[in-house]
Structure formats: structure tokens, C-alpha cells
Amino acid sequence: MGTLFLVATPIGNLEDITLRALRVLREARLIAAEDTRHTRRLLDHYAITTPCISYHEHNKLIRLDTILATLALGDVALVSDAGTPAISDPGVELVRACIAADFPVSPVPGPSALLAALVASGLPTDRFTYVGFLPRRGAERRQLLAEMASLTLTLVCFEAPHRLLETLQDILAVLGDRRIVVANDLTKRFEEFRRGSVTDMVAHFSLQRPRGEYTLVIEGLAAGSERKRDRYRLQVHPQTQAPPSEAEIARRLRQLRDQGYAGSAAARAVARELGLQKSVVYQVWLSLGEGE
């Protein structure tokens, strides 16, 4: 009976692979790779000739029988394109299937973009939460951010370059102007850690086109802060002691929009008028286009 090895591979610099990982890849009966072309470059660099099959999001279920049959004869190594497999990559279903079939599952630790960005960020590392890739749709992304708004621990997530600016704008609107570290090209020649406030990052990437995959490390809510978790938990109006409805906020925002107000100015004016936080009102502004 073989073992399923979860082998971490370099996230950029090929020298980051461990000696144990190289041995397991050489001795395995089969390598299941997210992208065989990508993995082949690593294998060729280290002269590893182990057979390799694809195992990715679109074929992971139909590959199960092949991998389980191979495990009956010997070891199988699972690798992702970069970093530790089964973290925001295919692999969870395979691990569960192996456990259910009583095959041993063993991690081969190594590179991780999540931990690499976190430990070099300068933000607290003693308590953090990882949320993977944020949702692609703006409304879903803002909802998830709102659910995390009250967490005091550091937040870590991944983002694609074409959504980075929009995501940063949502972070600013929902979480406020916190400290943030935007990391990309980790361990590569042009590795970059850009540190500052969310406003700084919005300004930078409004002018500089994002390239590559990004890891965001976001400061948790400061102790004693009174931010609300989402736009459905609005502050009480100081005069009526009743929270204004989202429809009322949207109505006032549309009026200002028709008068030529930009998003930030409209949100500021309505927040002042209704006694709300600007970030809460700005979330409603962002939803106007989607709702219509």
C-alpha cells in the first residue's frame, strides 16, 4: 500500500524546494500535478523522470479512481502549480478519498505564499485568518469583507491582477483605511512588498497596472474600534433613534448622483445627513449599479 504525499513546491525560486520533496518526487510511482506543463519545468530542472498526470479543478473527480488504483501499488505525490497543495488548489477531495480508503496521507512541508507574505508583512502574525481568493463578484466580495470587519486578527487573501484595484476599493469602503501589505512575485527576482494604508494602495494601483498574482495582508480591526460588520447593521439616527433603511440611503445617493456628485463626496454627504459611517454609506453607493 502506498502513501499520498502532499508535496509543497517552489512559489518562484526553484532553490526553495526541500531535499525531502525531491526524494519523494523521484521515488513516487506517480505525480498528480495541477498543470503538468508547469510541473514538468520543475521536474526537468532536477532531472526527475517520474510519470506525471494532470489533476485539476475540471478533472479532479474522474482522476480519483486512477490515483487510488496507483496507491494500491505504490506512492503518489500531489503537487500544485506553486506552494502547498490543497490550499486554494485542488486536493481536498483526493485527501478525503484516500482517508476513506485507508491510504496514508503525509504532508511534505515547504513553500507557501500565504506564510511568506504574512511573516514578511510586519503586521501581527500571532493570530490571523486566511480567506483564500476573495469572491469575483463585487456584491459577494463586499459581503464577505463585511463579515470579517469586526475581526481583530490579521487577514490574508489572494487576488488576481485584473481584480486587484476593485478589491482594494472594496476593502477601503468596507474595512476602512487600515494598514495593508500588497505582496507579489514572492521569492522571484522582482519580489515586491508594498506597505502602507489602503488609500495608498488604491492611489498606486490606479496609476500602476497590476501584474502577477497578489497576496494581501490586512491589519485586523483595532481594539476598541466601533466599526460595524456590514451595511445591514447601521448606526442609529441621532434624532429619530431608528436606523434608516438601505432603500432610504440609496434614494439619497441617487439624488446626489443625479446632481453630479462623485461616489466619495455623495457618501460623505449622506453619512453626515443620516448620522452614519461613510464606509457604510459607500457600500450602498457601490451596490447602486448592480441593483439597477
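Looking at region 194-211, can you tell me whether even one residue there is touching a His at 6+ places or on another chain (Cβ under 8 Å), at pLDDT below 95, surrounded by 15 or more Cβ atoms within 10 Å (Cβ to Cβ) and more than 30 Å from ALA72 (Cα to Cα)?
Yes.
Regarding region 243-259, can at least one residue be identified that is more than 27 Å from the chain's Cα centre (by Cα), modelled with pLDDT under 70 and either in the same structural domain as ARG137 (by TED's automatic domain parsing) or surrounded by 15 or more Cβ atoms within 10 Å (Cβ to Cβ) (or both)?
The answer is yes, given that some residue of region 243-259 is more than 27 Å from the chain's Cα centre (by Cα), modelled with pLDDT under 70 and either in the same structural domain as ARG137 (by TED's automatic domain parsing) or surrounded by 15 or more Cβ atoms within 10 Å (Cβ to Cβ) (or both).
Is it the case, given these coordinates, that LEU73 is in contact (Cβ under 8 Å) with a residue 40 or more places away in the chain, assigned by TED's automatic domain parsing to the domain that holds CYS98 and not small (Gly, Ala, Ser)? Give the derivation first.
Numbers: in contact (Cβ under 8 Å) with a residue 40 or more places away in the chain: yes; assigned by TED's automatic domain parsing to the domain that holds CYS98: yes; not small (Gly, Ala, Ser): yes.
So LEU73 fits the description; yes.
Please go through region 167-197 and give me each residue that is closer than 19 Å to VAL284 by Cβ and β-branched (Val, Ile, Thr), ordered by number.
Of everything in region 167-197, those that are closer than 19 Å to VAL284 by Cβ and β-branched (Val, Ile, Thr) turn out to be THR167, ILE171, VAL174.
Here's a check for you: in region 154-184, which residue that is assigned to a strand (DSSP E or B) and of a type outside the set (Val, Ile, Thr) is farthest from THR215 (Cα to Cα)? Steps first, answer last, please.
Step one: list which residues in region 154-184 are assigned to a strand (DSSP E or B), which gives 154-159, 179-184.
From the residues that got through so far, the ones that are of a type outside the set (Val, Ile, Thr) too are 155, 157-159, 179, 183-184.
Values: LEU155: 10, CYS157: 6, PHE158: 5, GLU159: 6, ARG179: 14, ALA183: 5, ASN184: 6 Å.
So, considering only residues that are assigned to a strand (DSSP E or B) and of a type outside the set (Val, Ile, Thr), the one farthest from THR215 (Cα to Cα) is ARG179.
Can you find, within region 3-31, the residue that is surrounded by the fewest Cβ atoms within 10 Å (Cβ to Cβ) among those that are under 21 Å from PHE103 (Cα atoms) and either touching a Cys at 6+ places or on another chain (Cβ under 8 Å) or at pLDDT below 95 (or both)?
Step one: filter region 3-31 for residues under 21 Å from PHE103 (Cα atoms), giving 3-8, 20-21, 23-31.
Next, from what is left, pick out any that are either touching a Cys at 6+ places or on another chain (Cβ under 8 Å) or at pLDDT below 95 (or both): 4, 30-31.
Numbers: LEU4: 27, LEU30: 22, ILE31: 26.
Going through the qualifying residues, I end up with LEU30.
Considering only region 132-153, I want to know if a residue exists there that is in contact (Cβ under 8 Å) with a residue 60 or more places away in the chain, touching a strand residue (DSSP E or B) at 6+ places or on another chain (Cβ under 8 Å) and part of a strand (DSSP E or B).
No - not one qualifying residue is present in region 132-153.
Among the residues of region 132-159 satisfying the criterion of being at pLDDT 95 or above and within 11 Å of the chain's Cα centre (by Cα), which is surrounded by the fewest Cβ atoms within 10 Å (Cβ to Cβ)?
It comes out as PHE158.
SER121 is checked against (1) surrounded by 14 or more Cβ atoms within 10 Å (Cβ to Cβ); (2) assigned to a loop (DSSP other than H, G, I, E, B); (3) among the small types (Gly, Ala, Ser); (4) over 16 Å from the mean Cα position of the chain (by Cα) and fails just one. What number does that condition carry?
For SER121, the exception is condition (4).
Among the residues of region 32-43, are any among the charged types (D, E, K, R) and within 18 Å of CYS98 (Cβ to Cβ)?
Here is the first cut: in region 32-43, the residues among the charged types (D, E, K, R) are 34-35, 37, 40-41.
Filter once more, keeping what is within 18 Å of CYS98 (Cβ to Cβ): 34.
Yes, region 32-43 has at least one match.
Any chance you could count how many residues in region 56-79 are touching an Asp or Glu at 6+ places or on another chain (Cβ under 9 Å) and modelled with pLDDT under 95?
Looking only at that region, the number is 5.
Of the numbered conditions (1) under 30 Å from ILE171 (Cα atoms); (2) outside the structural domain of CYS157 (by TED's automatic domain parsing); (3) crowded, with 18+ Cβ neighbours inside 10 Å; (4) hydroxyl-bearing (Ser, Thr, Tyr), TYR55 satisfies every one except a single condition; which is it?
Single failed check for TYR55: (1).
Taking the condition of being assigned to a loop (DSSP other than H, G, I, E, B) and closer than 21 Å to VAL131 by Cβ, how many residues in region 185-222 meet it? Explain how you work it out, then say what you get.
Step one: of region 185-222, the residues assigned to a loop (DSSP other than H, G, I, E, B) are 185-191, 208-213, 219-222.
Add one more test, that the residue is closer than 21 Å to VAL131 by Cβ, and what stays is 186, 210, 212-213, 219-222.
Matching residues across region 185-222 total 8.
The values are calculated or read from the model by the stated rules, or taken from the named source; none is laboratory data. Remember, predicted model here, so these are calculated numbers, not experimental data. Every residue, glycine as well, gets a Cβ built from its backbone with ideal geometry; the counts of neighbours run over all protein chains shown.
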